[in-house]
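One structure below.
The values are calculated or read from the model by the stated rules, or taken from the named source; none is laboratory data. In this text the structure is predicted, and so the values were computed from the model without any measurement. When we count neighbours, we look across all protein chains shown, and the Cβ atoms used for this are built from the backbone with ideal geometry, even at glycine. SASA here: full protein model, heavy atoms, side chains in, ligands and nucleic acids out. Shrake-Rupley method; radii C 1.70, N 1.55, O 1.52, S 1.80 Å.
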Amino acid sequence: MTEKALSDRVAALIRPELLALKAYHVPDDTGLVKLDAMENPYRWPPEMLERWLAVLRDVSINRYPDAGAAPLKSRLRAAFGLPEQQGILLGNGSDELIQILTMALAAPGRCVMAPEPAFVMYRMISTFLGMQFAGVPLDASFDIDEAATLEAIAQQQPVLIFLAMPNNPTGNLFSTERVEKIIAAAPGLVILDEAYTAFTDADYLDWAQRYDNVLVMRTLSKVGLAGLRLGILMGNPVWIDELEKLRMPYNINALTQASACFALDNFSVLREQSEIIRRERCALQQSLAALPLKVWPSEANFILVQCLNHDAPSVAKAMKDAGVLIKCLHGVHPGLEGALRFTVGSPEENRQLLAALTAALS
Ligand SMILES: *Cc1c(COP(=O)(O)O)cnc(C)c1O
């Protein structure tokens, strides 16, 4: 086949909405202070690393992983205080759970909804699966626009609504009353995405019991295990048992299962790290107040700011040149004009961030 014939065939067969997509871009971070992806900056104490390696040594890597992952699920129940009658579905990161949920509900003409700006995977995965995606703009304070959202629900009848609590990339929690109204009006399933649960006192886990159409999703990524890939979906087994049918039987590999069990047996270490990050967030917000920025409140391990009189992409570029990688969100959504988002790092990383940001804004 000639090159031309091949590219014609690709263009004819790959769905047009996929041809139009750009692949998810992960920037090269070599040598940079990495504050673009909401990772925990801390590794484990050396003695804990040694105990972890001893656990890994015993993993039978020649065998398929435990498909049911019962030991891991029971530790997750204990860590989150999840009642016995609630079900758990594990994913290779929450990303895979979003994919499973969307696959389960995908059908021509059906719609997925989320307030925007939102976590980009909601829209991307809906597009992958050929579903309509309705992004309803948040209001000027990044809360749910109640009237607009209720109207969009009435018109589009979404089978699936994602609400991140706290929201990424804005960092805030939506008001509880508005979320309740969305849940009441939703004709389908509502997913409360608590990826940042470690950094807020808000906790909606029991809403999965209170509402028949709510499931709660969490992840170990933001508390220090981003490299493991473990997402957790919890709620009524009537839902979970159906979704379970779509899960690849060995999606949670043996090393992840053993490592996550180990981490949950040592969860106090992760909790303490999250506490330090919460305190650092507070300190960082105070320092940022002196700069020419609009600083948004945050209940997560990142902070969103908006440049008042600087070009955000140039600021991000200057910071990268100074060795600090952050996320520029300018142009991603009309509500994010001039917006930059950065992870709360270690005290040393935050010092470097502040120095680079101050210089870029001078
Ligand atoms: C980071 C993030 C996730 C993805 O988590 P993984 O478990 O790493 O796939 C899900 N939802 C939100 C809102 C996030 O910010």
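Summary table
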| quantity | calculated |
| --- | --- |
| Residue check, Ser314 surrounded by fewer than 18 Cβ atoms within 10 Å (Cβ to Cβ), farther than 20 Å from Asn168 by Cβ, modelled with pLDDT of 95 or more and within 23 Å of the chain's Cα centre (by Cα) | no |
| Matching residues, segment 342-354, being closer than 14 Å to Lys320 by Cβ and either outside any helix (DSSP H, G or I) or of a type in the set (Gly, Ala, Ser) (or both) | Phe342 |
| Helices (runs of 4 or more DSSP H) (entirely within segment 1-108) containing at least 3 residues that are within 30 Å of Arg281 (Cα to Cα) | 46-57, 70-80, 94-105 |
| Contacts under 8 angstrom Cβ, first residue in segment 84-103 being without any contact (Cβ under 8 Å) to a residue 12 or more places away in the chain, partner open to solvent by 10 Å² or more (accessible area, probe 1.4 Å) and more than 13 Å from the ligand (Cβ to nearest atom), 6 or more apart | Glu84/Arg77 |
| Flag if Val223 is more than 16 Å from the ligand (Cβ to nearest atom), open to solvent by less than 40 Å² (accessible area, probe 1.4 Å), touching a residue at least 24 places away in the same chain (Cβ under 8 Å) and within 30 Å of Arg77 (Cβ to Cβ) | no |
| Within segment 109-157, tally of residues that are within 17 Å of Ile183 (Cα to Cα), in a loop (DSSP other than H, G, I, E, B) and free of Cβ contacts under 8 Å to residues at least 60 places away in the same chain | 4 |
| Long-range neighbours under 7 Å by Cβ, at least six apart or interchain, first residue farther than 15 Å from Leu56 by Cβ within segment 254-273, second of a type in the set (Gly, Ala, Ser) and buried (at least 21 other Cβ atoms within 10 Å of the Cβ) | Leu270/Gly224; Leu270/Ala263; Gln273/Gly224 |
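To keep it simple, each residue is scored yes or no on (1) under 24 Å from the mean Cα position of the chain (by Cα); (2) within 16 Å of the ligand (Cβ to nearest atom); (3) surrounded by 13 or more Cβ atoms within 10 Å (Cβ to Cβ).
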position	(1), (2), (3)
Met48	no, no, yes
Asp58	no, no, no
Tyr64	no, no, no
Ala69	yes, yes, yes
Lys73	yes, no, yes
Arg77	yes, no, yes
Gly81	yes, no, no
Leu97	yes, yes, yes
